[in-house]
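What follows is one structure encoded as structure tokens, with my remarks underneath.
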Amino acid sequence: MGKKERAKERREKRMQEISLLRIIPYSDHQRWWSTETIAVVTGGNRGIGFEISRQLATHGMTVILTSRDVSVGLEAAKVLQEGGLNVAFHQLDVLDALSIKQFADWLLQNYGGLDILINNAGVNFNLGSSNSVEFAQMVIATNYYGTKNMTQAMIPLMKPSSAGARIVNVSSRLGKLNGRRNRVENVAFRGLLSNLDTLTEEAIDRMLSTFLQQVEDGSWETGGWPQLSTDYSVSKLAVNAYTRLMAKKFTDQPEGHKIYVNCYCPGWVKTAMTGFAGNVSAEVGADTGVWLALLPDQAVAVAVAGKFFAERREISF
């Protein structure tokens, strides 16, 4: 058996193992949450967001499922409620500052804040090998600025806790800096994003502005950007960088006020976003995000902050 065949066999074996994952309750000494723990999931009406909502609620906490569309969000929440899960719904459009504010006010008034934020809402208009940037503005606005604006609105509402609050950003391996197939060839931007000591929100914004300007003037193909699903990949590059930046800031908070921020790739999941062409179920795709949200406080404090995960394993940015 050749090297490629062995590698393929290992991948297939790993996929089989992943497909067998089940949500296993943590033992009592690891369980830091209760029914009073509040988890907010953006884009929770379908796919990965719905499954993350289901799994978190199955663990016994209160989940606030959000959706831009009221009717589909209410229906999704109803499905989970009929299964005996403690799930509430509220409308939320991460592109709309007023919608975010109204949600934040409602959350504070009714629940006193939150403990867990799952930034899942996102869009991708490229399927298969297509690589149009026609909707680049919308992709960047939703995937990056939606995540950023929601995070900034929720941080003041994070409840103090000895376990620490949790933020999990759903990202993608397509946003890796040095991916084998989707490498960022622009040396300046690769250096900017890889150096946490000099990385700033303003620098991320400048990178995105440069990309969108090149999309507008038609020069993006020679700009050194990732070559697969370029606009989506760039948006996730930004999400990953922002994750590291926020983690650095909030893990330095005093005990009881720490916020642990991580991101993860769910894999190529069979959802509407992939045209249901993925090779991973939504259940498996959600697993690592839930695992990160519920890691015991000791494990989080010691080892996990500002990291990138896939299949419950740390991967490089």
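Taken about its Cα centre, segment 42-156 carries a charge dipole of roughly 100 debye when the Cβ of each Lys and Arg holds +1 and the Cβ of each Asp and Glu holds -1.
Note on the chain: GNM, Cα springs under 10 Å; of Lys159, Lys78, Lys258, the largest mean-square fluctuation is that of Lys78. Summing Lys and Arg as +1 and Asp and Glu as -1 over all other residues whose Cβ lies under 13 Å from the Cβ of Tyr264 gives a net charge of +4. Sorting the segments 226-235, 118-127, 163-172 by their residues' average number of neighbouring beta-carbon atoms within 10 angstrom, most packed first, yields 163-172, 226-235, 118-127.
Against the set [x] 38, 24, 17; [y] 41, 23, 18; [z] 29, 23, 21, the structure's computed semi-axes √(5λ) of the Cα gyration tensor in Å falls on [z]. Carbon-plus-sulfur accessible fraction, segment 181-261 (probe radius 1.4 Å, protein heavy atoms only): 47%. A 1.4 Å probe over all protein chains sorts Arg181, Arg31 by accessible area into Arg181, Arg31, starting with the largest. What the phi angles of segment 100-114 give under the Karplus curve with 6.51, -1.76 and 1.60, with θ = phi - 60°, is a coupling list of 4, 5, 4, 5, 4, 4, 5, 4, 5, 5, 9, 10, x, x, 8 Hz, glycine and proline written as x. Convex hull volume per residue, computed on the Cα atoms of segment 124-266, equals 109 Å³.
Accessible surface computed residue by residue for the chain, with neighbouring protein chains in place and a 1.4 Å probe, gives 47 Å² per residue. One decimal place: the segment Leu74-Arg183 gains 35.2 nm when fully extended, by the rule 0.36 nm per residue minus the C-alpha distance. Taken about its Cα centre, the chain carries a charge dipole of roughly 1200 debye when the Cβ of each Lys and Arg holds +1 and the Cβ of each Asp and Glu holds -1. A crude spin-label estimate for the pair Ser219 and Phe125, with each label 7 Å from Cα along the Cβ direction, gives 2.3 nm. One decimal place: the segment Ser162-Ala203 gains 11.5 nm when fully extended, by the rule 0.36 nm per residue minus the C-alpha distance.
Out of the total accessible area of segment 38-144 (probe 1.4 Å, heavy atoms of protein only), what percent is carbon and sulfur? Taking all protein chains in place, segment 38-144 shows 52 percent carbon and sulfur surface. Residue-wise HN-Hα couplings along segment 160-177, as the Karplus relation 6.51 cos²θ - 1.76 cosθ + 1.60 with θ = phi - 60° gives them from phi, are x, 7, 5, 7, x, 7, 10, 10, 10, 9, 6, 10, 7, 4, 4, x, 6, 5 Hz; Gly and Pro carry x.
With 19 Å as the limit, write out which pairs from Lys78/Lys148; Lys148/Lys307; Lys159/Lys307; Lys78/Lys159; Lys176/Lys236; Lys101/Lys248 have Cα-Cα distances beyond it, or answer none. In this structure, Lys78/Lys148; Lys159/Lys307; Lys78/Lys159; Lys101/Lys248 exceed 19 Å between Cα atoms. Phi angles of segment 233-238 translate, via the Karplus equation with coefficients 6.51, -1.76, 1.60 and θ = phi - 60°, into HN-Hα couplings of 4, 5, 4, 7, 4, 5 Hz per residue; Gly and Pro are given as x.
The values are calculated or read from the model by the stated rules, or taken from the named source; none is laboratory data. Every value quoted in this text rests on a predicted model; they were computed, and no experiment measured them. Please note: Cβ atoms are built from the backbone with ideal geometry, for glycine as well, and neighbour counts cover all protein chains shown. Just so you know, the surface numbers come from the protein's heavy atoms only, side chains and all, with ligands and any DNA or RNA stripped out. Shrake-Rupley method; radii C 1.70, N 1.55, O 1.52, S 1.80 Å.
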